[in-house]
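The values are calculated or read from the model by the stated rules, or taken from the named source; none is laboratory data. Only a predicted model underlies this, so the values are computations on that prediction, with no experimental measurement involved. Please note: Cβ atoms are built from the backbone with ideal geometry, for glycine as well, and neighbour counts cover all protein chains shown.
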Amino acid sequence: MLVPISWIKDYVDIDIPVELLAEKLTVAGLEVAHLRYIGLPQADVPGLRMPRSDHLVWDREKLLLARVVEVKAHPNADKLVLAMVDYGGEELEQCVTGASNLFKYQGQGEINPPIWGAFAMEGARVWDGHSDKPRQMTLKGKELRGIYNKSMVCSEKELGISEEHEGVIILDHEERYVAGAPLAEILGDVILDIEFTPNLARCFSMIGVAREVAAILGLEMRYPSFEFLAEGDPIEEQVKIDIREPELNPRFTLTLLRDTEVKPSPFWMRHRLRLIGQRPRNNIVDVTNYITFELGQPLHAFDYDKLLNRAGGPPTIITRLPEAGERLETLDGLARDLGEETILVADTAGALAIGGVIGGGETEISENTRNVLLEAAAWNNISVRKTIKQQRIHTEASARFSRGVHPSQSILGSSRGIELMRQLGGGTVAAGLVDAYPAPPQTVTVALPIERINALLGMDIETDQAAEALRRLEFETRIDDDVIHATAPDHRLDISADPIVGQADLLEEIARVLGYDRIPETIMADEMPPQRENPGVFIEERVRDILAGLGLYEVINYRFSNRETEAMLTPDGAASSLPDAEYVEIVNPAASDRDVLRHTLMTNMLETAANNARYQRTQQVFEIGKVYLQRDEVLPEEPLRLGILLTGARDQPTWRVGDAGGAADALDFYDLKGVIESLLEALHIDDFSYERATHSSFHPGRSANLLLRRAPVGAFGEIHPQVAQRFRLADSKVFYAELEVARLLQYQQRLHKIEPLLTTPAILEDIALIVDANVAAHEVERVIRQAGGRLLKDVTLFDVYTGDPVPPGKKSLAYSLTYQDPERTLTDKNAARARKKIIGAARRRLRAELRS
Amino acid sequence: MSQTVEVLRNQALDALQKTTTSDELVQWRSRYLGRKGAVGALFGTIGKLPAEERAAFGQGVNALQSELRKAFEEREQLIREQVLAQDLEEGEIDITLPAYPRQMGGLHPATRTHREFQSIWAEMGFQVYQSHDVEEDDFNFTLLNLPPHHPARDMQDTFYTTNPRVLLRTHTSPGQIRAMRELGGGGSKPIRVILPGMCYRQEQVTARSEIQFTQVEGLAIGRNIRMSDLKGTISEFAKRMFKADAKVRYRASYFPFTEPSMEVDVECFLCGGEGCRVCKYTGWLEIAGSGMVHPTVLRNGGYDPSLWSGFAFGMGPERITMLKHGIQDIRYFWGNDLRFLKQF
């Protein structure tokens, strides 16, 4: 909400710079997002930082309030006039001006009642009114169609008040105006842009803000008068109220103004409304807006004669729920279907307005309105919230009622509103006011012991001090044996009747008024809860470290996906290998391709790889994240998965001889297997094995399942070429693994034993075996290890060879073997014996030949 | 016969003088001093000499052997020095040629910031408690003092699922209720946890807002937890996270699940509080929302709010990461462009 400081000063005499006030409001929870300066200089407050404002600061010597005494015709120009201006100088100043709104005073002689303008002397700095771009200029004397001119009467644009440049500023006469007074004292202002959190409904008006200002600064609050001069016939005979849903409409008040004149509001009213971003219309509508912003109590004005016509006599205002299929054309010109829960203002002939939200077109104020019926009511905030959601409408009234306006404010709004209307438009106010108040809210009194305040805030304050803080916010307080009994003021709905919650409500108010900076900073003295081990977090972070150490980068993807993309993981004609579960489906997705939560990390990982392929020769990445499997429970299972993806070149290119220009090796299946085994090794998981994968997203011949203690943990291998193609990854093969993190946690050894360091010498030798091409390598290794026995410490495959001289259908596997006896020096003879056994076993069990 | 020794001596020393490399040296040694070398051969001839000459001849050959060994060592030393000198003189490489790149990996910036958070909080006794991403409406809102149609529900645009009771958590706060119910022993035990995790909001994805973001929530429950403890604890965090003398400002604010509530600003660590573009010339950066746990929330967690109290706070690690590294676009986080990820 835009809050002119000049308006707030109507209610409280602020004695500190506005910049410091903004800081204090912000710290007290009324966040001042921006300060807009009009004419006044920005003050420097020590210790306070703020953005520099580049506004025009009005020269107090050269920008003055001046009376426009007379407007004369320009002898040489039709589109210019001569304004004779009293700026407090010896003589009247003659300003040549084209201001359209001065033309009507031409030839009147001395203008009466007097009008006032914003006068700029030669040398004054103003905005260039004719420039499209903001540009400042210094006023210089020059001839305008034969008449020398060195000063001017200013438009709002020239002063930086608004973009208005059609006419000049014309202020209506006020007693306090003196010719030659610095303009800054009359129109200078600072506009605070304040953001309100939902609990601050009571602050959503000038008086609401002023009350906070008064409380924070410890100043007196000065309320406007709520008296109204009512000399007409009693209102009771002229209108009646019938509230049918007191829950939704706890209070409804009406006042009536007869024989008034609808016309433009005076300058001060139009100016204030424009400063807060409202468009002035006419004096009646302007007053309803003005009171909405001044008091926070929205008003609605009806054309009383139209109601008389509709009812064929004195109307009865009925508030009720809609009838089936009922419609209303609202002020914004829309014909609206009124759901079932929308509370209406109606008469006997039908709906007139949506309660607390917007009026109807038929009974609105027009230029011809003579008699005004003014509504000030209270509406249930939840009901209004439902209505504005359903009707997709937002008005200043609904913004306030949807947060909550206390019913006590209705009568204040009525009284002040009808009196202002009478002052601005003339006429006679009917005696009294009709006040239907079937559901007053309960008065809340909270008992707050001082030791509770100090125990919860960690402060050491006196009972009186705490009570005083509440009194500043207009609570009524009574102190009884160190217990404060505080009764909430009647503009507040946010203090709970629950004794403990009410205490918390008051604590916040006390802390705010005293200042949060007064609360000390302490170290928790409370009992420390038992610390638990957290293996889930431990393993997750350990896996991240291991994989980053292996040269992989961590990615984090959206957890959203869609069914079609996940279906792309299954090649044509194959059965899906994705989890057998329902999707968690979003009913209001951010985008149609993000309408479910993922069942696998694979789609996101492949998409990420495709996106990166443009810039990366090699990609080695992993993600640890949840997938979401909806089964029979209300909430889905959220297992944590590890996805690993490798694609592209194994190494970065270098200038090294032999590398240059040569095709770098591509990453392949065994790189991925190496990452997995390194991970298992680092987690000290020994008992792992592989079987051919049956996951349809992988190439059937180049993929595997990882088994830990013979239980599957996930599949890995080359992504099925068709799947890769669909994800725009056809250029280079993609290797991918997806593992259950819970299984890694389950099987990792947190207490593993180390191998002793042997000091005995080892004997190394190589052996090459020729076996059938379809014999699995791990089969050969197992035979070697079994036959080699205790002395065979290590077996490393260092060559796989097919082709001449190895016969067709065969392959040669070359191993380097390490023999070592932990206790004594191994003799050649022992090693030879082991070797013989190995060769024998290989012949027998693998039909292997020794390659010579 | 000493003539023979003398001939061999001259010949060997001559040859030694001609060696220039360590290979030649090795050859020379095997020719003259090796097992089958020339000096050895002279020893072999001793037996064929008359007995009275043997002693003198033997001494002569022994002396020759010692002399040649010594000469060899000297020569070897000399050559070693020459080779070294030459290598130092001529063995220069172009040190400006590019390095061979090593294969590096790295953690996502979000993970890095989370770890920083977690270790700081762990030092203060706050342990990680993990909760669901997909939540019940009750836990995300109602039990946190946000009943249906509460105005504050508008502050958060929620992703709802086909089950009207179920949504994607809009904040990590529902974990507060779950932690209290799981760890609180029916409202009889103190709690100190942080709740890190992914949260979701139905917003327009822009450089400044994402539909998915992480939060770290903290919760302390005890019989004697005060608002001053909250301030002390958060200030301590700020000192460890930003800098030892970080100034902190507390502003009154509103969250339905805490009362009193406050926003926490830390002195802008980019400009030192002088005012810059990032802190919008205010000198402050907002780092957390916090407050005393609302009595209704304590009740919903199983605690009697007249006997127990607590505080809670929530922080946005992405925002802090962005501030620290000058990241202008929040979409970088889940965009996973390796050009971005490789900069951490």
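For this structure, a couple of remarks:
- From the options A:E364, A:E340, residue that is touching a residue at least 24 places away in the same chain (Cβ under 8 Å), surrounded by fewer than 22 Cβ atoms within 10 Å (Cβ to Cβ), among the acidic types (D, E) and not in a helix (DSSP H, G or I): A:E364
- Count of region B:59-81 residues which are more than 18 Å from B:A12 (Cβ to Cβ) and at pLDDT below 90: 0
- Region B:232-268 - residue that is in contact with a strand residue (DSSP E or B) (Cβ under 6 Å, 6 or more places away or on another chain) and in a helix (DSSP H, G or I) and, of those, farthest from the other protein chains (Cβ to nearest Cβ): B:A238
- Only residues that are buried (at least 18 other Cβ atoms within 10 Å of the Cβ), facing chain A (nearest Cβ under 9 Å) and either free of Cβ contacts under 8 Å to residues at least 40 places away in the same chain or of a type in the set (G, A, S) (or both) were counted across region B:109-151, and they come to 6.
- Yes/no for A:E508 being of a type in the set (D, E, K, R) and within 9 Å of chain B (Cβ to nearest Cβ): yes
- You will find that of A:G333, A:G313, A:G356, the residue that is in the same structural domain as A:E396 (by TED's automatic domain parsing), assigned to a loop (DSSP other than H, G, I, E, B) and in contact with a Phe, Trp or Tyr (Cβ under 8 Å, 6 or more places away or on another chain) is A:G356 and no other.
- Which numbered condition B:G272 misses (of (1) among the small types (G, A, S); (2) in contact (Cβ under 8 Å) with a residue 24 or more places away in the chain; (3) at positive phi): (2)
- Filter pass, A:L457 being modelled with pLDDT of 95 or more and within 10 Å of another protein chain (Cβ to nearest Cβ): yes
- For region B:150-199, the tally of residues that are among the polar types (S, T, N, Q), more than 33 Å from the chain's Cα centre (by Cα) and not in a strand (DSSP E or B) stands at 5.
- In summary, A:E236 fulfils each of the numbered conditions (1) among the acidic types (D, E); (2) buried (at least 17 other Cβ atoms within 10 Å of the Cβ); (3) assigned to a helix (DSSP H, G or I) with the single exception of condition (2).
- Subset of region A:626-647 [in contact (Cβ under 8 Å) with a residue 60 or more places away in the chain, surrounded by fewer than 23 Cβ atoms within 10 Å (Cβ to Cβ) and within 11 Å of another protein chain (Cβ to nearest Cβ)]: A:K626, A:L640
- Here A:L757, A:L769, A:L745 are screened, and the one residue that is free of Cβ contacts under 8 Å to residues at least 40 places away in the same chain and either outside the structural domain of A:L569 (by TED's automatic domain parsing) or assigned to a helix (DSSP H, G or I) (or both) is A:L757.
- Residue in region A:392-406 that is in contact with a Leu (Cβ under 6 Å, 6 or more places away or on another chain), crowded, with 18+ Cβ neighbours inside 10 Å and more than 14 Å from chain B (Cβ to nearest Cβ) present: yes
- The set of residues from region A:33-55 being aliphatic (A, V, I, L, M) and surrounded by 20 or more Cβ atoms within 10 Å (Cβ to Cβ) comprises A:I38, A:M50.
- Among the residues of region B:210-231, the ones that are assigned to a helix (DSSP H, G or I) and at the interface with another protein chain (Cβ under 7 Å from one of its Cβ atoms) come to 4 in all.
- Candidate set: region A:145-173, residues that are within 19 Å of A:V85 (Cα to Cα) and free of Cβ contacts under 8 Å to residues at least 24 places away in the same chain; chosen: the one surrounded by the fewest Cβ atoms within 10 Å (Cβ to Cβ): A:Y148
- Test: residue in region B:163-175 that is more than 10 Å from chain A (Cβ to nearest Cβ), in contact (Cβ under 8 Å) with a residue 12 or more places away in the chain, under 22 Å from B:A288 (Cα atoms) and among the hydrophobic types (A, V, I, L, M, F, W, C): no
- Output for region A:410-431, where each listed residue is surrounded by fewer than 24 Cβ atoms within 10 Å (Cβ to Cβ) and among the polar types (S, T, N, Q): A:S415, A:Q423, A:T428
- Members of region A:587-600 that are at pLDDT 95 or above and out of contact with any Phe, Trp or Tyr (no Cβ under 9 Å at 6 or more places or on another chain): A:T600
- Some residue of region A:567-579 being within 13 Å of chain B (Cβ to nearest Cβ) and of a type in the set (D, E, K, R): no
- Qualifying residue in region B:315-329 (condition: under 27 Å from the mean Cα position of the chain (by Cα) and polar (S, T, N, Q)): yes
- For the residues B:L68, B:L84, B:L78, the requirement of being part of a helix (DSSP H, G or I) and either within 12 Å of chain A (Cβ to nearest Cβ) or crowded, with 19+ Cβ neighbours inside 10 Å (or both) singles out B:L68.
- Residues of region A:58-84 that are out of contact with any helix residue (DSSP H, G or I) (no Cβ under 7 Å at 6 or more places or on another chain) and surrounded by fewer than 17 Cβ atoms within 10 Å (Cβ to Cβ): A:E61, A:K72, A:A73, A:P75, A:N76, A:A77, A:D78, A:K79.
- For region B:301-316, the candidate set comprises residues that are within 12 Å of chain A (Cβ to nearest Cβ) and surrounded by 21 or more Cβ atoms within 10 Å (Cβ to Cβ); within that set, the residue that is nearest to A:F560 (Cα to Cα) is B:F311.
- Selection from region B:98-117 of residues that are of a type in the set (A, V, I, L, M) and either out of contact with any strand residue (DSSP E or B) (no Cβ under 9 Å at 6 or more places or on another chain) or over 17 Å from A:P653 (Cα atoms) (or both): B:A99, B:L107, B:A110
- Cβ-Cβ distances below 8 Å connect the following pairs, each with a first residue in region A:35-59 that is more than 14 Å from chain B (Cβ to nearest Cβ), a second residue that is among the hydroxyl-bearing types (S, T, Y), and a separation of six or more residues or different chains: A:R36/A:S53; A:Y37/A:S53; A:H55/A:Y37; A:V57/A:Y37.
- Qualifying residue in region B:280-296 (condition: at the interface with another protein chain (Cβ under 7 Å from one of its Cβ atoms), among the hydrophobic types (A, V, I, L, M, F, W, C) and touching a Leu at 6+ places or on another chain (Cβ under 7 Å)): yes
- Residue list for region A:808-848, filter: charged (D, E, K, R) and under 17 Å from A:D794 (Cβ atoms): A:D821, A:R835, A:K837
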